[in-house]
Amino acid sequence: MDADTVNRELSIARKSIGWWQRQGWIEGDPTIGIERRPAPPDRTKALTQNQIAALWRLDVALREKTQRKMLYESAARADEVLCLNVEDLYPQDKRGRITAKGGATEWIHWQSGTAQLLPCLIARRTRGPLFLTDRKAPAGTPTLDVCPETGRARLSYRRAGEIFEENTRLLANPLASPEDIEDLDGWTLHRLRHSALTHDAEDGTSTPMLLARSRHASVCSLERYARPGVDSVTRHVAERDPAARRRT
């Protein structure tokens, strides 16, 4: 397992062990001596504005259009958005209620792009998962993950990620030919959140607002997202180039 997975599982185990100790069920801590693994630096890169524009031009289903617009406009985590129910939405305020890490109730906010697509996606549904699979839910699917009005299941993070990766292979590899598409890697859903926060930082959004948008508790957690991209640095250098200013 990678370092992030190991550290997450170790943290969960230690929280459980602490609770068991307080209940008097166990005395020792079997994780003593297990060290957290050093996590590698986050190499995720933000997509450029042109890449985002190309993404919006893809001919995909309404579900995918709405999901991707919401992820980018809200800068929310993909698993949070996929766990949304219709009754969690407040369309008039362009916001939705989510359950964040640790079980806290928080809010995500979107813009007009998502707002225009949501009514068509929801149709007449009043409850149940917002993003649904194309087929009826198989037997044994948890009730909370089944739409009571259509019988379809909640779209999983794994499937949403697969579709996004497949749809973006040629965008991620613009010099490749369509015949090679099966051997290419596309983008991950997380890059939409990363890109949204990076673009906000490039546009001069304040640190408090970036923290509110990302819902991070510290600036340190935000730093990996708030790095200007290559296009932004290029513009910055050009704007401060005396020769370039003289030409304009």
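General observations
- Whole-percent pair-distance distribution, where bins are 5 Å wide, for the alpha carbons of the stretch 96-167: 3, 13, 17, 22, 26, 16, 3, 0
- Calculated over the stretch 1-91: convex hull of Cα atoms, volume per residue (Å³): 173
- Accessible surface of the chain, 1.4 Å probe: 53 percent of it comes from carbon and sulfur atoms.
- Electrostatic dipole magnitude of the stretch 41-142 [Cβ: Lys, Arg +1; Asp, Glu -1; Cα centre; debye, to 20]: 200
- For the chain, size of Cβ-based charge dipole, Lys and Arg +1, Asp and Glu -1, in debye: 700
- When each of the peptides 158-171, 51-64 is scored by how many other beta carbons lie within 10 Å of its residues on average, the order from highest to lowest is 158-171, 51-64.
- Furthest towards positive pole of dipole, S218, F164, Q23, structure part the chain, Cβ charges: S218
- Of (i) 20.9; (ii) 19.0; (iii) 18.2, the label for Kirkwood radius over Cα pairs in Å derived from the coordinates: (i)
- Net charge contributed by nearby residues that have their C-beta within less than 13 Å of F164 (K/R +1, D/E -1): +4
- Amide H contacts under 5 Å for I98, placed H, 5+ residues apart: E106, W107, I108
- Net length available on complete extension from S218 to T126 is 29.5 nm, with 0.36 nm assigned per residue and the Cα-Cα distance removed.
- Cα convex hull volume per residue for the stretch 67-135 (Å³): 91
- Choice from A46, A13, A100 showing the highest fluctuation, given a GNM over the chain with Cα pairs closer than 10 Å: A13
- For the chain, built as a Gaussian network whose Cα springs stay under 10 Å, the top-fluctuating residue of G186, G151, G103: G103
- Average accessible surface area per residue within the chain, 1.4 Å rolling probe, Å²: 62
- Sequence-distant lysines (8 or more away, or on other chains) whose Cα lies within less than 19 Å of K45: K69
The values are calculated or read from the model by the stated rules, or taken from the named source; none is laboratory data. Everything numeric here is computed off the predicted structure, so don't read it as measured data. With ideal geometry, Cβ positions are generated from the backbone for all residues, glycine too; neighbour counts draw on all protein chains shown. Only protein heavy atoms, including side chains, enter the accessible area calculation; ligands, DNA and RNA are left aside. Shrake-Rupley method; radii C 1.70, N 1.55, O 1.52, S 1.80 Å.
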